[in-house]
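Accompanying notes for the structure given below.
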Amino acid sequence: MKPKGTAKFPSALASRSQVGSKEYILKYMKAMYQQWKGDSSDYDASARRNSMKENRYYAEGSQDISKYKNLINPSGDTSSLNLDWSIVPIIPKFVDVVSNGILNKEYEIKANAIDPVSVSKLQIEKGKLWTKMATKEMREKVSAISGADIREEGYIPESTEELELYMETNYKHTQEIGIEMGIDFVMKLNQFEDIRKKVVRDLVVVGTGCAKVYVDPVHGVKIRYVDPQNLVTAYSKYDDYRDAQHFGEVYNMTISELKKIAPGQITEEQYEEMAEKFKGKNGNPGNFERRTYLKDSDSGEFDYDSFSVTVLDGEFIMANELVFEKKQNKHGGYSFHKQKDGYKAPKKSKHKRKKVDTVINFLYKGLYIANTDIVVNYGEVKNQIRPKSALHEVKSSYVVYTPNMMSMSTKSLVDRMKPFADQIQLTHLKLQQLVAKARPKGIAFELGSLEDVSKGDGGTFTPLELQDIYDSTGNIYYRRKDDEGNMSNSLPITELENGIGNDMVKLVNIYNYNMQMIRDVTGVNEAREGAQPDKDALVGTQKLALQSSNNATRHLDWGEKNIAKRLGQCIVLGIQDMVKYDKPLKGYTSGIGQNMKTFILSKDISMYEFSIFLDAEPDEEEKMMLEQNIQIAISQKELRLEDAIA
């Protein structure tokens with residue numbers, strides 16, 4: 001499906017004052033909303049959104065059954081079919097298996113200080129330990145001869161390799177410890193585990209995961225889940241959307257909620273016009289009392305305050321020029337002064353003046369009410385998240401990842417499974433039909449052979465009497481001659497198979513084929529799926545099968561970890577900026593403890609810059625192997641018991 005039109009964005013060459021204006025931001029937000037509806041030459045966001053919606057129905061086992069009814073009976077009349085139309089929950093099972101497998105892989109977000117000051121401190125500490133190691137033997141000899149104990153206290157490495165290992169795994173700056181505690185505290189405060197579950201499921205079901213992180217002047221660093229179905233983004237060539245210029249969400253909110261977050265920005269007449277546009281939509285009534293207070297309310301509310309309206313909460317990045325004046329002072333030095341757009345250095349001046357400009361990315365925001373000319377809470381974003389070593393760059397508050405994206409499109413695991421799940425559902429219905437139409441085994445009687453069969457006492461049996469004898473004893477009496485006295489080769493009784501026959505086997509084979517195809521296209525084999533393993537399969541073979549399945553879904557693991565890592569980076573920068581606000585600072589100090597001083601040291605400077613990485617925790621098999629190695633080391637006296645316990 002091709003896009004229906006082109007969303008017209010305003011010029012990217014506008015000045016900073018122009019970009020921050022209401023007119024510019026309103027035009028940009030309108031273009032973003034048009035893009036969300038599908039009016040874009042870049043990609044069809046509407047088709048992408050509809051695909052996500054359908055995938056979620058499949059993932060819950062609640063997809064539309066009308067397609068199956070049409071396939072069973074093309075006329076569409078299924079009233080005569082006594083079938084159970086319930087969906088066979090094949091896709092939900094595979095979604096749960098993959099999602100839970102990713103969630104079971106625990107990790108911790110770690111930080112390494114990589115700025116020059118921290119690296120210098122690291123080298124100094126490493127040098128101290130090396131000195132201790134190099135002088136250990138000499139100090140022991142001197143102590144033995146003189147009787148004065150001059151041996152070093154604390155940890156002393158035994159070799160250069162041990163020193164390197166200690167510095168890599170054990171040594172931590174105070175700043176690093178504080179930052180890690182801060183990340184952990186922020187994530188717990190925002191219930192990140194719940195957000196993580198939703199993001200992982202979205203990666204599996206719709207192929208995109210998204211969260212939002214921002215600095216709130218009152219509540220500090222906030223993280224929240226973003227539904228990819230509501231997401232609108234600029235076109236991007238990368239899975240992590242690093243080159244996307246704008247992000248936003250489309251959702252519904254009530255007029256009363258809008259009044260709370262944008263007090264005084266919209267007149268009551270505009271609210272009334274807004275209600276008129278959305279009456280009969282979004283679950284709103286078809287009419288309302290115009291500009292009349294509710295009779296049973298003392299709060300001054302209007303009848304339409306409960307109306308739900310559609311809004312676009314968006315933000316975009318724009319490169320703007322910052323202008324400074326470089327002015328020479330009487331002492332021969334220079335000072336810099338920020339100037340407005342269009343500044344020109346005066347030709348005649350007592351002191352030498354020069355215009356200096358630089359290009360910096362800025363983040364702008366706005367809340368647009370759909371299908372109106374109203375935008376509120378617009379302007380340059382406060383507390384913009386900027387990398388400490390690249391202050392000219394700015395990070396969006398949206399963290400998005402789409403594995404294996406090509407031309408803004410991807411195929412999720414659910415997309416791969418849908419065609420075969422449809423065949424399984426259809427086969428399941430056909431099996432029901434087959435069972436419902438199946439007849440029990442029967443008997444065909446050749447009446448000519450059963451008529452006038454003598455009893456031996458001058459009487460004859462009737463065919464019904466002979467059937468009773470056959471049902472009771474399995475014996476049958478019949479005649480070999482027909483009415484004309486000729487010999488007959490007809491068998492008096494022929495058993496009818498009826499029943500289901502070979503059709504059941506064929507349908508079961510079709511069912512199993514499509515199940516295997518789902519395993520093939522997803523990479524989730526029987527070992528990972530939880531199906532009954534082959535009793536003759538070796539344990540090593542099962543482990544290899546499980547490893548192979550994990551490799552097939554590794555792109556989803558990578559996507560989830562990419563989002564977590566980038567969230568950690570944004571949290572660090574957010575906490576460093578948060579010291580500007582007294583209220584959240586006090587709360588975080590009590591939660592983190594004295595390590596909050598780490599963030600105070602980093603205020604408004606790039607003295608400390610941190611590299612964020614994920615430290616994966618060992619799985620159960622790795623823990624068992626480690627325990628076995630520890631026991632062997634203890635038994636061979638290569639490891640002391642107290643070290644093993646530690």
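The values are calculated or read from the model by the stated rules, or taken from the named source; none is laboratory data. Only a predicted model underlies this, so the values are computations on that prediction, with no experimental measurement involved. Don't worry about glycine lacking a Cβ; one is built from the backbone with ideal geometry, like all the others, and counts go over all protein chains shown. Surface areas here come from the heavy atoms of the whole protein model, side chains and all, with no ligands, DNA or RNA. Shrake-Rupley method; radii C 1.70, N 1.55, O 1.52, S 1.80 Å.
Label sites at residue 82 and residue 262, each approximated as a point 7 angstrom past Cα along Cα to Cβ, lie 5.9 nm apart.
Non-local lysine pairs in the stretch 127-191, meaning eight or more places apart or on different chains, with alpha-carbon distances under 27 Å, amount to 7.
When you count the other C-beta atoms within 10 angstrom of each residue and take the mean per peptide, 421-427, 503-509, 275-281 line up highest first as 421-427, 275-281, 503-509. Once the chain from residue 345 to residue 106 is taken as fully extended at 0.36 nm per residue, the excess over their C-alpha distance is 80.2 nm.
Which stretch or stretches of the stretch 342-362 have amide N atoms under 16 Å from the point lying 7 Å from residue 334's Cα along the Cα→Cβ direction? Residues 345-346, 351-359 fall inside that zone. For the stretch 124-212, chymotrypsin sites (Phe, Trp or Tyr not before Pro) meeting the loop criterion (DSSP other than H, G, I, E, B) and having at most 15 other Cβ atoms within 10 Å: 155, 171. Counting only protein heavy atoms and a probe of 1.4 Å, the accessible surface of the stretch 205-342 is 46% carbon and sulfur. Residue by residue, the stretch 388-405 carries 3J(HN,Hα) couplings of 5, 8, 8, 5, 7, 9, 9, 9, 5, 6, 9, 10, 10, 8, 10, x, 6, 7 Hz when phi is fed to the Karplus relation 6.51 cos²θ - 1.76 cosθ + 1.60 (θ = phi - 60°); x denotes Gly or Pro. Solvent-accessible surface of the stretch 387-483, averaged per residue with a 1.4 angstrom probe and all protein chains in place: 56 square angstrom. For a modelled paramagnetic label at residue 319, 7 Å from Cα along Cα-to-Cβ, the residues of the stretch 16-44 in reach, with backbone nitrogen under 16 Å, are 16.
Protein heavy-atom accessible surface, 1.4 Å probe, per residue over the stretch 210-249: 37 Å². Ignoring ligands, DNA and RNA, please state the percent of accessible area on the stretch 407-500 from carbon and sulfur, probe 1.4 Å. Answer for the stretch 407-500: carbon and sulfur cover 49 percent of the accessible area.
If you take the Cα centroid of the stretch 235-288 and the Cα centroid of the stretch 103-138, the two points sit 51 Å apart. With a Förster radius of 25 Å applied to the beta-carbon distance between residue 161 and residue 122, the computed FRET efficiency rounds to 0.90. Among the GluC sites (Glu not before Pro) in the stretch 148-179, those located in a DSSP loop and surrounded by at most 12 other Cβ atoms within 10 Å of their own Cβ are 153, 158.
Cβ-Cβ distance of residue 70 and residue 510, R₀ of 22 Å, FRET efficiency by 1/(1 + (r/R0)^6): the value works out to about 0.70. Charge tally for residue 450 (other residues, Cβ to Cβ under 10 Å; Lys, Arg +1; Asp, Glu -1): -3. On a per residue basis, the stretch 54-142 carries 57 Å² of accessible surface, using protein heavy atoms and a 1.4 Å probe. For the pair residue 141 and residue 47, the difference between a 0.36 nm per residue extended length and the Cα-Cα distance amounts to 25.9 nm. Phi angles of the stretch 112-129 translate, via the Karplus equation with coefficients 6.51, -1.76, 1.60 and θ = phi - 60°, into HN-Hα couplings of 10, 6, 10, 6, x, 4, 5, 4, 5, 5, 4, 5, 5, 5, 5, x, 4, 5 Hz per residue; Gly and Pro are given as x. If you average the alpha carbon positions of the stretch 329-361 and of the stretch 6-31, how far apart do those two centres end up, in angstrom? Here the two parts' Cα centres lie 29 Å apart. When the listed pairs 279/365; 259/338; 198/277; 37/259; 237/279 are checked against a 30 Å cut-off, the alpha-carbon distance exceeds it for 259/338; 198/277; 237/279. Shown here are the Rg and Dmax of the Cα trace of the stretch 372-530, at 37.1, 118 Å. The modelled label-to-label distance for the pair residue 460/residue 627, using points 7 Å beyond Cα in the direction of Cβ, is 8.6 nm. Between residue 62 and residue 150, the modelled labels are 7.9 nm apart [label points 7 Å from Cα along Cα→Cβ].
Looking at the stretch 50-109, which GluC sites (Glu not before Pro) are in a loop (DSSP not H, G, I, E or B) and have at most 15 other Cβ atoms within 10 Å? Here the GluC sites (Glu not before Pro) that fit, given the DSSP loop and packing criteria, are 106. Our note on the geometry: Cα centres of the stretch 397-472 and the stretch 152-200, 62 Å apart.
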